[in-house]
Amino acid sequence: MKRWWLLLLTVAVLAVALAACRGGGAAPETVVVTQGVQVEKESGPCAPQSFDELGEDGVIKIGVPVPLSAPGSVAGGRAMMTAVQIAADQVNAKGGILGKYPVKPIFYDTSGLPERGTAAMEYLITQECVVAVAGEYHSAAGMAEKEVAHKYGIPAIFAETWNDDITAVQYPEVFRIAPASSMVAKGDAQFFKDMGVSWVAIVTENTDYGIPASESTQKRLAELGIESEIYKADIGTQEFAALVSRIAQDITQYEGRKAVLVLITGETSYNFEQQAVEGGLEPSEDLIFVANQVAANAKDFWQNVPDGNYMVFRWVGGGSPFAMAQREEAKGFIEAYKDAWNDPYRFPERYAFEAYDAFMLVVKAIEKAQSLKAEDIIAALESFDSPENGVALAQGVYYFPYGSHNPVPDDQPAWMWHQWPEPKVFFLQYWKVDQHLEEACVIWPADQQTCGTDYLVPGTEPATE
Amino acid sequence: MVATLLHFVPAQMWLITPEFILRLLAEGLLIGLIYSLMALGLTLIFSVLGIVSFSHGEFYMIGGYVVYLFLQKFQNSLPRALTGIGALLAAMLVTFAIGVVFERLFLQPMARGEVDRPNEYAILTTFGLAFFLQYLMLGLMGPFPKKARRFFDLPVFDAGLIQATKASLKIGNITLGAGRLIAGLIALLALLAMLYFMFKTWTGRALQATSQDRQAAAVVGINPMNMNTLAFGLGAMLAGLAGAVLVSVYSWVPWVGVIASSKSFVIIVLGGMGSIPGSLLGGLIIGVVESLGTGLFPDPVRAQAYRDVFGLVIFALVLLVKPTGLFGRKL
Amino acid sequence: MRLELKKVVKQFGGLTAVNGVSFTIEGSQLVGLIGPNGAGKSTLTNLISGILKPTSGEIWFNGERIDGKPPYVIAARGIGRTFQVTRAFRRMTVLENLLTPGLAKFGNRKSRAQLEEEAMEILRFLTMDHLRWEYASNLSGGQQKLLELGRLLMMDPDLIILDEPFAGVHPKLQRTIYDYIKRVKARGKAIILISHDMESIFTLSERLLVLNFGTLIADGPPEEVKENPEVIEAYLGKDEEEDQFLPTAA
């Protein structure tokens, strides 16, 4: 009786921790979202091995793991889910795969957690009998998911997981169209070099994506003679004032131009960015503030970072948003996406593009292979080995130069295995409050600039629109 | 090896200026005031009803969303100062109402002795409410982060030592965000109002009497059931108010209350469960310790990630010396 | 003032604590309620004041049935009681303790100034006015008992139940309590007094109710009850029980 409150507190803390990890998202659209289901027995993959083995309705299922609840990025998962649904609808409008087999995405909420990623894959492969998997946003979950794909030999195309190791382990089943962290780090470092920055405060998240990404970036920066400091924070952190004070204090040691690079994703980045400006770390001649890439979501960005004018943000993809908007293959998707969200200014996020393309890539591979067998699908994907032999989708032409057909040479990093090499790094900048994404300027690389200028010093406007 | 060791030496000792420390202190106090406000609500509920409310963070979350929605609807039709006050009042009203209704429906049976295992029951029902509110708001508001406009912008001026931009106030080299300044001030006013209420009004006295000795309060004519309802409603309202002032400072998502909840638990145990001065002091202590810890911890890489740890270390130390918390009643 | 109990029974599982007790008290009597330990006196008090609900039977007060009503309603009807182990509000001052019932005065809200005046009058009578700013937890056991009595009087009840007012109290304070009880009785209040202090009970009471094992075994003036063979047996018949019939020093 005396210590019951202590027991209660322990239970409270445990329960809150559990609650934070628990999933359970409500499905806003009509697609089925499946949750933690027990696998009845240790069984193997049940994917049909031929078109004849498909059920009466002849439906081909493709597994799509995405985060739909905290601590994962619900916004990211929803975007990807919308994109994949559009892809499925477009394929089925033509009758389905090969014009006759309807395709059905089976979504699973992984919450960005490794254990749920594993559960997702086990369920999708052994219960839903998917022939392939496309998706995932969080590296933490992706790292676990690749293991299950490998265990069962089911092909998996990772859409937005950046951790190098996803492909560096060189599993035959695992493909990636998202950039590898190291690719991005290289771009980031070069940008800062070109802008004449001498010190970068790298603010990153304590995850399987954030830690290696920050270390990779720090290394690349050092190679180019730029010093940096890494500051780690947990996803979901709201209160950043002390960290901002600290960075503001640390920055006083350095001369010349400095930068802040926000590698944290999601709403946590908005918290940091707004509080940074409030705390005196605002964009200026001497301080380039690179907000997290989610700033591309202009409506959310301006609402959550109202004082974020002149922040720079990175866009990684087959091309800059404007270039992609010009692609024939992308136009249908972009329009459908805006419609799905009922918002004419909602340009698809990068990961929406990736989700759409990953799903379509699986469809194309099945159509090329004319088979549902895992090894045939994998072979088909590997046959897309050069731009000429590649598949043209929304972001660009997909191809995988290295794989079992062409092992990664020694002078290339191991993660180039089954990696689409095209994602390029662009830097954009907002220069007016409440701008839409399409109004921002591309400021780097130089040959992609849309406003005829690189970094816009706060207070200035581009000479040409 | 040397590099690793250097990480643990305050390599830039000269960066730790008095101004820096003052800035950290100020920020810690500001956020501490809001922690105190929330903890006060939780301790009030515990002291009168004898239960720990696991839905406290969700009332914080609802308070924030109410302000957001209110401003969305009215910010173009009403003058700015009015919308701010109206939003705060709306948030307080809504959370109070939800608290009262929930208490009447689900907690009164427990207080009347109609429930077999009251402690477990209280945990389950408040937890249930928490999940319900979280997913209700997820369905209504969606997962995308929202933020309300500041209640008012600071006037832009430059008086040498003191300057202000729209977003922040700068005193010397200390820059404080406008949003949190306003939040801290409102929290302070609310705390003072609550203290006045608890110690200078009859209803407040009745709440205190009920929390000190329920049966004795009953035999002098105080209705403990009404006190339960009032305490829960007030507790929920205080959490809602904390959220209401912070929705213009932090980005708001339906699970924003989870952290607030766990922080409140720590604070009320630190201050002594059921103790009003304890929750006030506890909130300030945690706020300041977290701020100083993050700012001064030698390893810059981990300082922010360890933010919660600093508070918990103090918490553990206090409990080792005084298991009932700073102002805790003897068990 | 009229309190009537009709065959009141209280059972806790297999144990019958109060077994069909019936009696009536009218006007301003001072009634002593005695019996060996465990006879059911406190249970009976809890039943009358509303903290417990009878298993069967009825309790009527001033023409209204009150059994089963919550304590705060019964307090409003005009029954006040003290507790065997004092229950002052420990984290309030003496004065604040006295103000709680007054401020809750159902319907009839006097101003705080008026209430303070009343409270001070009571404190002066109890020779505790110099302690008005003291926190109740700092008082001695006896002073806390006085405090409870004072708080009780602030409610101006028609019926007062005093549960062991002399137990654990310094003799000097006992005298004060003794005088207080007499004066309150003189004011026309009805009092039920529970005590093991036989001397005081016998001197103060006009009537004695004797409980044994939950049953009312005697009801009458003290001289009569003293000679009642059942009563004698109840007190002397138990082996471990010391002879409680002789007046004991407290």
Which condition number does A:Thr204 fail, the rest of (1) more than 30 Å from A:Ser69 (Cβ to Cβ); (2) assigned to a strand (DSSP E or B); (3) at the interface with chain B (Cβ under 10 Å from one of its Cβ atoms) being met?
-> (1)
Kindly indicate the residue of segment C:165-213 that is among the small types (Gly, Ala, Ser) and in a loop (DSSP other than H, G, I, E, B) and also nearest to the chain's Cα centre (by Cα) among those meeting that condition.
-> C:Ser195
Would it be correct to say that C:Thr45 is closer than 17 Å to C:Lys10 by Cα, surrounded by fewer than 21 Cβ atoms within 10 Å (Cβ to Cβ) and at pLDDT 90 or above?
-> no
Residue identified as within 14 Å of chain A (Cβ to nearest Cβ), surrounded by 15 or more Cβ atoms within 10 Å (Cβ to Cβ) and either of a type outside the set (Lys, Arg) or under 22 Å from B:Leu71 (Cβ atoms) (or both) among B:Ala167, B:Ala206 | B:Ala167
Scan of segment A:121-144 for residues that are hydroxyl-bearing (Ser, Thr, Tyr) and within 21 Å of A:Tyr356 (Cα to Cα), ordered by number = A:Tyr137, A:Ser139
Within segment A:249-263, residues being in a loop (DSSP other than H, G, I, E, B), within 21 Å of B:Ile16 (Cα to Cα) and out of contact with any helix residue (DSSP H, G or I) (no Cβ under 9 Å at 6 or more places or on another chain) number 2
Answer with yes or no whether B:Ala81 is at pLDDT 95 or above, out of contact with any strand residue (DSSP E or B) (no Cβ under 7 Å at 6 or more places or on another chain) and assigned to a helix (DSSP H, G or I).
-> no
Strands (runs of 3 or more DSSP E) contained in segment C:1-82 and holding at least 3 residues within 13 Å of chain B (Cβ to nearest Cβ) | C:79-81
Just name the residue that is nearest to the chain's Cα centre (by Cα) out of those in segment B:24-78 that are closer than 19 Å to B:Ala90 by Cα and not in a helix (DSSP H, G or I).
-> B:Gln75
Taking segment A:301-320 only, how many residues are under 13 Å from the mean Cα position of the chain (by Cα) and within 9 Å of chain B (Cβ to nearest Cβ)?
-> 0
When both residues are 6+ apart or on different chains and their Cβ atoms are under 6 Å apart, which pairs have a first residue that lies in segment A:269-290 and is within 12 Å of chain B (Cβ to nearest Cβ), and a second that is charged (D, E, K, R)?
-> A:Val277/A:Asp307
Look at segment C:31-42 and say how many of its residues are over 12 Å from the mean Cα position of the chain (by Cα) and surrounded by 22 or more Cβ atoms within 10 Å (Cβ to Cβ).
-> 3
Every listed condition ((1) part of a helix (DSSP H, G or I); (2) within 21 Å of the chain's Cα centre (by Cα)) holds for B:Leu176 save (1)
Residue check, B:Phe102 against (1) surrounded by fewer than 22 Cβ atoms within 10 Å (Cβ to Cβ); (2) closer than 17 Å to B:Phe232 by Cβ; (3) more than 14 Å from chain A (Cβ to nearest Cβ), all met but one. Which one?
-> (1)
What do you reckon, is B:Leu181 within 14 Å of chain A (Cβ to nearest Cβ) and assigned to a strand (DSSP E or B)?
-> no
Evaluate the following for A:Val277: is it farther than 29 Å from A:Pro114 by Cα and assigned to a helix (DSSP H, G or I)?
-> yes
Determine which member of the set C:Gly237, C:Gly220 is surrounded by fewer than 17 Cβ atoms within 10 Å (Cβ to Cβ), within 27 Å of C:Val9 (Cβ to Cβ) and at pLDDT 85 or above.
-> C:Gly220
Restricted to segment C:118-138 and to residues being modelled with pLDDT of 85 or more and under 21 Å from the mean Cα position of the chain (by Cα), the residue farthest from C:Leu173 (Cα to Cα) is C:Ala119
Please find, within segment A:145-197, the residue that is nearest to A:Glu354 (Cα to Cα) out of those that are surrounded by 24 or more Cβ atoms within 10 Å (Cβ to Cβ) and basic (Lys, Arg).
-> A:Arg176
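Per-residue answers, yes or no, for (1) charged (D, E, K, R); (2) closer than 20 Å to B:Gly287 by Cα; (3) surrounded by 24 or more Cβ atoms within 10 Å (Cβ to Cβ):
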site	(1), (2), (3)
B:Leu22	no, yes, no
B:Leu25	no, yes, no
B:Leu29	no, yes, no
B:Ser36	no, yes, yes
B:Gly41	no, yes, yes
B:Gly50	no, no, no
B:Phe59	no, no, yes
B:Ile62	no, no, yes
Residue ID - nearest to A:Ser181 (Cα to Cα), chosen from residues in segment A:225-245 that are surrounded by fewer than 24 Cβ atoms within 10 Å (Cβ to Cβ) and within 23 Å of the chain's Cα centre (by Cα) | A:Ile230
Name the residue, out of B:Leu129, B:Leu140, B:Leu93, that is loosely packed, with under 15 Cβ neighbours inside 10 Å and within 14 Å of chain A (Cβ to nearest Cβ).
-> B:Leu140
State whether the residues of segment B:238-259 include one that is within 14 Å of chain C (Cβ to nearest Cβ) and within 30 Å of B:Arg112 (Cα to Cα).
-> no
Going by the structure shown, is A:Asp307 part of a helix (DSSP H, G or I), modelled with pLDDT under 95 and of a type in the set (Asp, Glu)?
-> no
From the list A:Ala248, A:Ala222, A:Ala298, pick out the single residue that is more than 11 Å from every other protein chain (Cβ to nearest Cβ), over 22 Å from A:Gly187 (Cα atoms) and surrounded by fewer than 24 Cβ atoms within 10 Å (Cβ to Cβ).
-> A:Ala298
When segment B:144-164 is checked residue by residue, the ones that are touching a Ser or Thr at 6+ places or on another chain (Cβ under 8 Å) and either surrounded by fewer than 17 Cβ atoms within 10 Å (Cβ to Cβ) or part of a loop (DSSP other than H, G, I, E, B) (or both) are B:Pro145, B:Lys147, B:Ala148, B:Arg149, B:Arg150, B:Phe151, B:Leu154, B:Val156
Inspect segment A:383-397 for any residue being surrounded by fewer than 18 Cβ atoms within 10 Å (Cβ to Cβ) and at positive phi and give the result as yes or no.
-> no
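Yes/no per residue for (1) in contact with a helix residue (DSSP H, G or I) (Cβ under 8 Å, 6 or more places away or on another chain); (2) modelled with pLDDT under 90; (3) of a type in the set (A, V, I, L, M); (4) at negative phi:
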residue: A:Gln49; (1), (2), (3), (4): no, yes, no, yes
residue: A:Pro67; (1), (2), (3), (4): yes, no, no, yes
residue: A:Pro71; (1), (2), (3), (4): yes, yes, no, yes
residue: A:Ala120; (1), (2), (3), (4): yes, no, yes, yes
residue: A:Cys129; (1), (2), (3), (4): no, no, no, no
The lone exception for B:Gln304 - which of (1) of a type outside the set (D, E, K, R); (2) at the interface with chain A (Cβ under 10 Å from one of its Cβ atoms); (3) more than 30 Å from B:Leu88 (Cα to Cα); (4) in contact (Cβ under 8 Å) with a residue 40 or more places away in the chain it fails | (4)
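The values are calculated or read from the model by the stated rules, or taken from the named source; none is laboratory data. Computed from a predicted model, the values in this text were never measured in an experiment. Don't worry about glycine lacking a Cβ; one is built from the backbone with ideal geometry, like all the others, and counts go over all protein chains shown.
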